[in-house]
Amino acid sequence: MALARKNPTMTKTWSKLQAHFSEIEQQHLRTLFSENLNRANELSLAWDDFYVDFSKNRMTSQTLDLLIDLAEELNLKEAISKYFQGDIINETEGRAVLHTALRADKSLEVFVNSENVIPGVYAVRDKMKTFSDAVISGSHKGHTGKAITDIVNIGIGGSDLGPSMVVEALTFYKNHLNTYFVSNVDGDHYYETIKDLNPETTLFIIVSKTFTTQETLSNAISIREWFLKSMPKESVAKHFVAVSTNVEKVKAFGIDENNIFSMRDWVGGRFSLWGAVGLSISLSVGFNNFESLLNGAKKMDNHFKSSNFEENIPVILALLSVWYNNFFNAESQAVIPYTQYLNQFTTYLQQGIMESNGKSVDRDGNRVNYETGNLIWGEPGTNSQHAFFQLIHQGTKLIPADFIGFKSSLNGNKDHHDKLMSNYFAQTEALMNGKTKDEVLSELQNSGLSASKIDRLVPFKIFEGNKPTTSILIDKLTPESLGKIIAMYEHKIFVEGIIWNIYSYDQFGVELGKQLAKSILSELETGDFINKHDSSTENLLKQYKNQ
């Protein structure tokens, strides 16, 4: 059954939220905390190894109540049920959205077109385990009898960003295998990755659902050519595996049919790391750790499915995004992980969030008359504090931010971790409180500066504060907790899409540039591009051809 179709701005609750927003828009977080000494306890959640404090947001308990009313009026509970049970909620492509099935219990039954998909999920998982164990142990050898030492994942988008992010995030848990990722069609990327590798001990994973993606196939073909300069053709079967649905094209490439790991069309690329696309993860950290990642995601799935909205972490995070996007007109959101291991996490989220909810047409096909989606950006603290925090603290834009931190360091260096986390706590407090004119005056007067110098400096030293943040504090970065974090944001994406009445799981906007690129490539090869483009593009093509 289809998702409900309702313009959120036409609901009764939306009008109430607009009136409520007018009442609290100018309220300062300092005031909200001073008027309610129990605010931090009322606006926080403890679940499993997560503590989520959203009290430093420009909202009250009434705001949360109204946002939950909006979710209920827009049939969120019914939508969640359809999401998990395999209904065709990706209606424009006629597909279910079942990345959650990739980490579901074996005993569960989830049907797509009358087929219970869970046995197939576990068949692929078993094959991944067998293969990963063989490569890691050295029993799977290359063509010359040497054990594999290096893994190269060749893919782009969801076939690269998720696995690459997870492998880096779980570096602490890595085994002896070296793992690399090639994505960009830029030849310099693949060349710099493979130039020092030994073909005899390298395994390549080509990840492409259709086995036709230009970037992936171009890289795969070029890498195969490099490989065959020193290895016989029959050795491709031992050194190349594929994650794909197109068996015939994979076999034509030279890959052994036994080394094809299947994908299903009810899993979107940007949500696919939980299945065969995660083979590089399983190889890098071992299947047991990969399974822990899945188990963490499954725990978050169950929390999302079963928790009341007022105690539901993904729901609350999504409603806060709607609150800022549609009422405060905040166009972006920063995600700041306080661990270098999550260096690629925001890059991964950019695809997940902006490819999903970057839509301007509602589920009826009408152009929306409200904002959807938001810009996602960020990088780890404390690096980010020395890069763009000036804009968040004293710029003209309102930028809500998620701060992700961990109670324990993986490497046990308490001195460094205390310094890291002191910044985590200090930044959210500074963003909330700011620094008043009186505080600045007192500070400058104590510094011994002249009165004229003080008068000159005061405006530049004032911090308005009232900058919203959500603190997500987790015990430790483990494969399981990482699975929870990723699934948390996946479900946040889903809730936002339901509220905004859009389809989150197609990505037609990705295709137009690809289509034009194919025709321009042909024109570059023939030189026949005159009078076929706008004057700007034509001039650029002339400049390129006349290099």
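Expressed as a fraction of 2.2 N^0.38 Å, the C-alpha radius of gyration for segment 457-547 is 2.01. Each 10 Å bin from zero up to the one holding the largest Cα-Cα distance in segment 273-332 carries the following percent of pairs: 20, 29, 26, 21, 3. By the Cα gyration tensor, segment 1-157 has an equivalent ellipsoid whose semi-axes, rounded to whole angstrom, run 46, 25, 15 from largest to smallest. Axis of helix 535-545 versus longest Cα principal axis of the chain: the two differ by about 50°, to the nearest ten degrees.
Evaluating 6.51 cos²θ - 1.76 cosθ + 1.60 at θ = phi - 60° for every residue in segment 442-453, the Karplus couplings come out as 4, 5, 6, 5, 6, 7, x, 6, 5, 4, 5, 5 Hz, glycine and proline recorded as x. Fully extending the segment from Glu72 to Tyr370, taken as 0.36 nm per residue of separation minus the present Cα-Cα distance, adds 105.3 nm. At full extension, Glu429 and Asn198 could sit 78.1 nm farther apart than now, given 0.36 nm per residue minus the alpha carbon distance. Per the Debye formula on identical point scatterers at the alpha carbon atoms of segment 111-290, with no solvent, log10 I(q)/I(0) at q = 0.09, 0.10 Å⁻¹ is -0.28, -0.34. With neighbour counts taken as other beta-carbon atoms within 10 Å, the residues Lys141, Lys106 rank, fewest first, as Lys106, Lys141. D for the chain, whole µm²/s, Stokes-Einstein with Kirkwood Rh over alpha-carbon pairs at 25 °C and 0.890 mPa s: what number? Rounded, D is 96 µm²/s. Between the helical axis of 214-228 and the longest alpha-carbon principal axis of the chain there is an angle of about 50 degrees. Among Leu521, Leu102, Leu273, the order by Cβ neighbours within 10 angstrom, fewest to most, reads Leu521, Leu102, Leu273. Centroid-to-centroid, using Cα positions, segment 275-307 and segment 431-470 are 47 Å apart.
With the simple model of a label 7 Å out from the Cα in the direction of the Cβ, Ser422 to Leu410 spans 2.5 nm. Going by neighbour counts of Cβ atoms within 10 Å, the residues Tyr191, Tyr348 line up, fewest first, as Tyr191, Tyr348.
Read the figures in this text as sums done on the coordinates, not as results from a lab. The shown structure was predicted, so the numbers you read here are calculated from the model rather than taken from an experiment. So basically every Cβ, Gly included, is an ideal-geometry build from the backbone, and we count neighbours across all protein chains shown.
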